[in-house]
Amino acid sequence: MIVNKTTLAPFYLELGQLTADSVKHLTPSFDHLPPNPYADGAFRLRRYSRFTVTQNRIKRLPSQAFVQDESINHFQGNVVRRYEEIDDKIVNDPAFVELFEHFQTMANVADNTPIEVHQLRIFADHKSVEVAPEGVHQDGFDRIGIYVMQRHNIDGGHINVHLDKNSPALISHDFDKGEFVVLNDRRFFHSAQPIKPKDGEQGYMDIFVLTANLVH
């Protein structure tokens, strides 16, 4: 782990874990994610919202579509996607604020910076499923945070961090129970191993992904 000591030092990545109480508060909400009508809907459920945070107070920004350029996302690039918002019950829970506290502090994300949040359940029924069909990739932001809230009945699903698109994983870990990585998306690439259910029934992993561009 590379620790950022001051705002003048370059940020690379940091690892951490949410409190057990926060994980307990947030994980039940993943059971109520709506259907996903897009290409990844066969194995990913999702909500998506945008926020700013000022002195640990969250403000929801107006809804907007999510789209990534094809040069970044070869799987669903240039597809305009609209998802249901993250539920107010979760947004108003102090446990949700902890996601932003770590993200802002670790990666020097200033107050009032727009932060996009994806709430995802990636599931597998009877067969192997790609967690990151994009392969080794960047998301096209300055900073990203990947928080794995829980893993249920699965093998695989390790989150990998790479120095470049063609390099082996610098970090590969089966994140669970609120473990997370916050990283410089301009400096590193990331990927994930496929998942498959352990006993033939459905398995899944639940993840929050936070992304932000810094104010320059």
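The values are calculated or read from the model by the stated rules, or taken from the named source; none is laboratory data. Here the structure is a predicted model, which means the values were calculated and not measured. Using ideal geometry, Cβ is built from the backbone for each residue, glycine included, and neighbour counts are taken over all protein chains shown.
Residues in the stretch 183-204 that are touching a Lys or Arg at 6+ places or on another chain (Cβ under 7 Å) and closer than 17 Å to Ile144 by Cβ: Asn184, Asp185, Phe189. Taken together, the residues in the stretch 172-216 that are aliphatic (A, V, I, L, M) and either assigned to a loop (DSSP other than H, G, I, E, B) or without any contact (Cβ under 8 Å) to a residue 12 or more places away in the chain (or both) amount to 2.
In the stretch 6-35, the residues that are closer than 19 Å to Glu85 by Cβ form Cβ pairs under 7 Å with partners that are of a type in the set (Lys, Arg), at six or more places apart or across chains, as follows: Phe30/Arg121; Leu33/Arg46; Leu33/Arg47; Leu33/Arg121. Scanning the stretch 107-164 for residues that are outside any strand (DSSP E or B), in contact with a His (Cβ under 8 Å, 6 or more places away or on another chain) and small (Gly, Ala, Ser) yields a total of 2. You will find that of Asp206, Asp155, the residue that is of a type in the set (Asp, Glu) and crowded, with 17+ Cβ neighbours inside 10 Å is Asp206 and no other.
In the stretch 196-206, is there at least one residue being over 15 Å from the mean Cα position of the chain (by Cα) and of a type in the set (Lys, Arg)? The answer is yes, given that some residue of the stretch 196-206 is over 15 Å from the mean Cα position of the chain (by Cα) and of a type in the set (Lys, Arg).
In the set (1) farther than 19 Å from Ile207 by Cβ; (2) modelled with pLDDT of 95 or more; (3) among the hydrophobic types (A, V, I, L, M, F, W, C), Val80 fails one condition alone, (2).
Among the candidates Gly135, Gly200, which residue alone is modelled with pLDDT under 95, in contact with a Ser or Thr (Cβ under 8 Å, 6 or more places away or on another chain) and either polar (S, T, N, Q) or surrounded by fewer than 21 Cβ atoms within 10 Å (Cβ to Cβ) (or both)? Spell out the reasoning first.
Numbers: Gly200 fails: in contact with a Ser or Thr (Cβ under 8 Å, 6 or more places away or on another chain).
Of the residues listed, the single one that is modelled with pLDDT under 95, in contact with a Ser or Thr (Cβ under 8 Å, 6 or more places away or on another chain) and either polar (S, T, N, Q) or surrounded by fewer than 21 Cβ atoms within 10 Å (Cβ to Cβ) (or both) is Gly135.
Take Asn36 and decide whether it is at pLDDT below 95, surrounded by 12 or more Cβ atoms within 10 Å (Cβ to Cβ) and on the phi > 0 side of the Ramachandran plot. In short, no.
Which residue out of Arg44, Arg57 is under 21 Å from Ala212 (Cβ atoms) and modelled with pLDDT under 95? Break it down stepwise before answering.
Numbers: Arg44 fails: under 21 Å from Ala212 (Cβ atoms).
Arg57 is the lone residue from the list that is under 21 Å from Ala212 (Cβ atoms) and modelled with pLDDT under 95.
What are the pairs with Cβ atoms under 6 angstrom where one residue, in the stretch 80-102, is crowded, with 16+ Cβ neighbours inside 10 Å and the other, located anywhere, is among the β-branched types (Val, Ile, Thr) and in a helix (DSSP H, G or I)? Sequence gap at least six, or different chains. Sorted first by the residue in the stretch 80-102, then by its partner, the pairs are Phe96/Ile90.
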